[in-house]
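Enquirer: For reference, the structure I am asking about is given below.
The values are calculated or read from the model by the stated rules, or taken from the named source; none is laboratory data. None of these values were measured; they are calculated from a predicted model. Neighbour counts run over all protein chains shown; Cβ positions are idealised from the backbone, glycine included. All accessible areas refer to the heavy atoms of the entire protein, side chains included, with ligands and DNA or RNA removed. Shrake-Rupley method; radii C 1.70, N 1.55, O 1.52, S 1.80 Å.
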Amino acid sequence: MKFTPEKYRIEDISGKPFIDPDEIWEYLNHAQPTMERVMHIIDRSLNKNRLSLEEVAILIKADDPAMVDAIKEGARKLKEMVYGQRIVLFAPLYVGNSCINNCKYCGFKASNRQAVRRTLTQEELIENVKALEDEGQKRLILVYGEHPSYTPEYIASTVRTVYQVKKGNGEIRRVNINAAPMDVEGFRTIKQAGIGTYQIFQETYHPEAYTWYHQSGRKKDYAYRLVSLDRAQEAGIDDVGIGALLGLYDWRFEVMALVRHTSHLEACFNVGPHTISFPRVQDASDYQIDERYKVSDEEFVRLIAILRLAVPYTGMILTAREPSFIRDEVLQFGCSQIDGGTRLELGAYAEEDRKKLQNLNLEQFLINDSRSLNEVINELIQKDYIPSFCTACYRKGRTGEHFMEFSVPGFIKRFCTPNALLTLAEYLCDYAPAPTREKGWKLIQKQLDGMEESTGKKALEERMERIRQGERDLYF
Ligand code: SAM
Ligand code: SF4
């Protein structure tokens, strides 16, 4: 099946284009925040309502320090109420950086002749996955440039390969992907390989800015990209991730547009995005950030708190692109997933490969966090978070789990926290160095001690013991 523009207009069921820059700017220009209004909006969010564009505009315009504090406090409360202490960990794995596009901000752009083009061979892919398993990773996101050789069939075959690699107790239990948009048939093909989330960023939702950054290659079609998740939904992929690359255009506009995209998906498919990402653009080959749109640390933290309140049910992803002091702050606002032990050079997870790769130009951009997975886990434990590799809902067919976490009373207590603790226990048994192991078991014990006596707690203790005895992959 081919893309049919008349079917996938950038309109929602109301018949209006779903990103209308004039409408977004009108909301922003007319928003008049008062403390009373801000508190009322925060309350609506704490009562689990997704906020309207008008309300989000008010939060964005509320830059008075007392209002900013109230917004951050609201986000903190929401996070505690809805998500508890779990932080889900994953790693990105770059499969190939060949690319026909020329996104101005990306080191993989076709015009970057210095970039060494590389696509992992089957053996290299396997070696890299083994190395990731050896660290304790259970969830990956595979990343691909856009190239005719990266067909849906090829992508599906790499996903299948990853699922098949098992080393010791290691295995990858959930493979998400970040790849160029496809037609409906293509999405069906990758769905059949068992992908978790299909993630794609609009980069900038502003049509003119988009056109400026993407002047050639397939990606220059704004509308085709904007409705790619509609096609994914049609192909049966109901677990989708959206995102904007912050720093290309005004962040205020992008935050509004992310919320608008969310309401479009809700209106058309009855399900919002599983995750929202908001990477800040980094300098890359031949690209320097446009100072007009640079997002300061203070603005970045604020916009994450606003997004948390705006879409209370959705997982929010923070990447290794951000320095650890930013991560530490925004984890409190409800970023529920982060990557750990990330390497962006192609093939760099495998030791042998790492030696070969030194000094080659294989990175898409530079990252600010070079901590290993163990260091990230160690730090999370120290701060009383529960590092989680849980993949239970996806494997039990409980799709839309983020809604359940959010709306089903007791869901987190019954499923999320126990599963997080079980996956942490596996990590401690199989991969953690002694100091992390010791701290980790203390955290598990503290969590168990804090649970009221119940059949659920007994079942968890029983599974925990089975893990200590060597069984793996136990979940609720
Ligand atoms: N090629 C596919 C695409 O463009 O959708 C998927 C892979 S692409 C490498 C994944 C994401 O990397 C892009 O969507 C973009 O947001 C992000 N990216 C590109 N250049 C970046 C930069 N300089 N700094 C931070 N993120 C960047
Ligand atoms: Fe290619 Fe994606 Fe980079 Fe654009 S962002 S140049 S499409 S890899």
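Enquirer: Does region 267-274 contain at least one residue that is modelled with pLDDT of 95 or more and part of a helix (DSSP H, G or I)?
Expert: Within region 267-274 (the criterion being modelled with pLDDT of 95 or more and part of a helix (DSSP H, G or I)), the answer is no, since none of the residues qualifies.
Enquirer: Let me ask another. Of the residues in region 48-87, how many are open to solvent by 30 Å² or more (accessible area, probe 1.4 Å) and either at pLDDT 95 or above or farther than 21 Å from S263 by Cα (or both)?
Expert: 15
Enquirer: Hey, among the residues in region 277-303 that are aliphatic (A, V, I, L, M), out of contact with any helix residue (DSSP H, G or I) (no Cβ under 6 Å at 6 or more places or on another chain) and outside any strand (DSSP E or B), which one's surrounded by the most Cβ atoms within 10 Å (Cβ to Cβ)?
Expert: The residue in question is V281.
This table checks each residue for (1) open to solvent by 10 Å² or more (accessible area, probe 1.4 Å); (2) of a type in the set (G, A, S).
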residue: Y154; (1), (2): yes, no
residue: Y163; (1), (2): yes, no
residue: R174; (1), (2): no, no
residue: I177; (1), (2): no, no
residue: V184; (1), (2): no, no
residue: T189; (1), (2): yes, no
residue: G194; (1), (2): yes, yes
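Enquirer: Within region 237-260, track down each residue that is more than 12 Å from ligand 1 (Cβ to nearest atom) and either open to solvent by less than 10 Å² (accessible area, probe 1.4 Å) or closer than 17 Å to A179 by Cβ (or both).
Expert: Residues satisfying the conditions are I237, D239, V240, W251, F253, V255, M256, A257, L258, V259.
Enquirer: Of all residues in region 165-191, which are closer than 14 Å to L132 by Cβ and of a type in the set (S, T, N, Q)?
Expert: N169, N176
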